[in-house]
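J.: There's a structure below that I have some questions on.
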Amino acid sequence: MRITRTGRRGRRAAALTTTVLTASALLLTGCSSGSGSDASDSNGNITLTVADFGQFGYKEADLFAKYHKLHPKITVKEETTANEQDYYPKLLQQLNTGSGLADVTGIEVGRIKEVVDTQAAKFTDLSKTINVGDWVSWKEKQATASDGTVIGAGTDIGPMSLCYRRDLFQKAGLPTDRDAVAKAVAGGWEDYLKLGEQYKKKAPSGTYFMDSASAMYNAVVSSSAQQYYDASGKPIYKDSPSVQQGWNLAAEAASKKLTHGLAQFTDAWTAALRKGSVATVACPAWMAGQISTNSGDAFKGKWDIAKAPGSTAANWGGSFLAVPKSGKHAKEAAELVKWLTAPEQQAEVFKAIGVFPSNQGAYDLPGVKNATLPYFNNAPIGQIYADEAKTIPEAVLGPKDATIKDTISTQINNMEQRGTKPADAWKAATDAIDKVIG
């Protein structure tokens, strides 16, 4: 991932099967200027640039070096921005000026609708190169423009699970077996809060049931087909049933002190994981790497992963690779994207950093199908995530999804941390959003 988005997929690496998790393997690559590539020589050697954010896993899986071996005349250079919120405005500026674009650009799922609606003509139609039917169906639709062109190739998705501390559950008198935990929350996120109330009664001193009510909110909304916009493109977040449900549950969690009140990916959040004061985390596939990295060796085997609450899974996160038409090597860039998003390469990235493939052809590969996480009590994550992926609804996306989500998450954090009344927090959120979307 990309640990970069407030309340969105801030992912780092997770060790799979017998892979040993090390902090050094999880470091984000350095930032770069993001300038486009026109590098070539008289012998036909070219350099392709890939601009992305956070951690896409290609470096960790050594894919660029492997591609060079397969195509000796092509060298791939990755230009990574740590924070997606810094990356995206720069990408828009480059698209508007037609200058500085890389040969391949990453686009986060919270931005894809805006790019499809306003910038599609500036990108190569990848349906001419890639069999887009290999992806989960809704992934293709997210990147498809009104004229049928597909401007982005799906990299990963974020099927939701529930990460929990077995040892803390045991001390609180709760079930510890992952199937039993899944059964306890089978009725949905309301059951999750009921489990939290049980936990609180016997909670080990200094621990909290969940890390963040805003994380739970995002999981609730992400499990619905209708989120912030309707199918006509109208913003409906004020009346959206999933937003109302998520908001009410978050307010309840805050009022009952079931949450640590920590905005995810902050220093305080990572310190809480390191200290061991969090019992559960709403856990899209990429989150396991965050937890294992920040919790450290002291809690290896004490974490586990269960099916997410409810019968409908959520998708939280996911990105795309796109090829600007203005690139001097657009054909070669499209072939690189095709290779990077093929089942075998997506399986390698999953093995390297734990992000789950969007290409369904990867699901039956041994490296995905049989994957387990030693850090999480050998949880069979290949099976868990694949099963969850099958029940993810086709969500309606809007151009300002990311902004709406972040703004609401900020106000949920205010309810947790500052004791802001739900009505005041909601008004602050809606006022701020209305200024952005009009």
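The values are calculated or read from the model by the stated rules, or taken from the named source; none is laboratory data. Only a predicted model underlies this, so the values are computations on that prediction, with no experimental measurement involved. Cβ placement follows ideal geometry from the backbone for every residue including glycine, while neighbour counts extend to all protein chains displayed. Each accessible area value is taken on the protein alone, full model and side chains, heavy atoms only, with ligands, DNA and RNA left out. Shrake-Rupley method; radii C 1.70, N 1.55, O 1.52, S 1.80 Å.
J.: What pairs from Lys390/Lys421; Lys234/Lys421; Lys302/Lys351 go past 26 Å between their alpha carbons?
T.: From Lys390/Lys421; Lys234/Lys421; Lys302/Lys351, over 26 Å: Lys390/Lys421; Lys234/Lys421.
J.: So what's the chain giving for Cα Rg divided by 2.2 N^0.38 Å, two decimals?
T.: Values: Rg = 21.0 Å, N = 438, 2.2 N^0.38 = 22.2 Å.
Computed over Cα atoms of the chain, the ratio equals 0.95.
J.: Extending each Cα 7 Å along its Cβ direction at Ala268 and Gln383, get the distance between those two points in nm, one decimal.
T.: 3.9
J.: In addition: What per residue convex hull volume, in Å³, do the alpha-carbon atoms of the range 189-320 yield?
T.: Values: hull volume 16.6 nm³, N = 132.
With only Cα atoms used, the range 189-320 gives 126 Å³ per residue.
J.: Where Lys and Arg each count +1 and Asp and Glu each count -1, what net charge lies around Ala172 among other residues with Cβ under 12 Å from its Cβ?
T.: My count for the surroundings of Ala172 gives +4.
J.: At a Cα cut-off below 13 Å, give the aspartates and glutamates reachable from Lys194, other chains included and same-chain residues fewer than 8 away excluded.
T.: Qualifying aspartates and glutamates at Cα under 13 Å: Glu252.
J.: Same structure, new question: How far is helix 343-353 tilted, in degrees, relative to the longest principal axis of the Cα atoms in the chain, given as a value from 0 to 90 rounded to the nearest 10?
T.: 50
J.: With a probe of 1.4 Å, find how much accessible area the chain has per residue, and write the answer as a whole number in Å².
T.: Dividing the accessible area of the chain by its residue count gives 39 Å².
J.: Could you order His68, His260 by accessible surface area, starting with the largest, using a probe radius of 1.4 Å? Don't skip to the answer; put the middle values down first.
T.: Numbers: His68 75, His260 50 Å².
In descending accessible area the options line up as His68, His260.
J.: Mind telling me which of Ile74, Ile353, Ile392 comes out most flexible in a GNM of the chain, alpha-carbon contacts under 10 Å?
T.: Maximum fluctuation in the GNM of the chain, among the listed residues, is at Ile74.
J.: Net charge around Lys307, counting only other residues with Cβ within less than 13 Å of its Cβ (Lys, Arg = +1; Asp, Glu = -1)?
T.: Neighbourhood net charge equals -3.
J.: Would you tally the net charge around Gln345, using a Cβ to Cβ cut-off of less than 15 Å, leaving Gln345 out, and scoring K and R as +1, D and E as -1? Show your work: numbers first, answer last.
T.: Working: positive: Lys59, Lys66, Lys69, Lys338, Lys351; negative: Asp52, Glu60, Asp62, Glu78, Asp134, Asp156, Glu335, Glu344, Glu348.
Result for the local shell: -4.
J.: Next up: So if the hydrodynamic radius of the range 306-438 is defined as the Kirkwood radius over C-alpha pairs, what does Stokes-Einstein give as its diffusion coefficient at 10 °C and 1.306 mPa s, in µm² per second?
T.: It comes out at roughly 87 µm²/s.
J.: With a 1.4 Å probe and all protein chains left in place, how much of the accessible area of the chain comes from carbon and sulfur atoms, in whole percent?
T.: Values: 8300 of 16900 Å².
Carbon-and-sulfur percentage of accessible area, whole number: 49.
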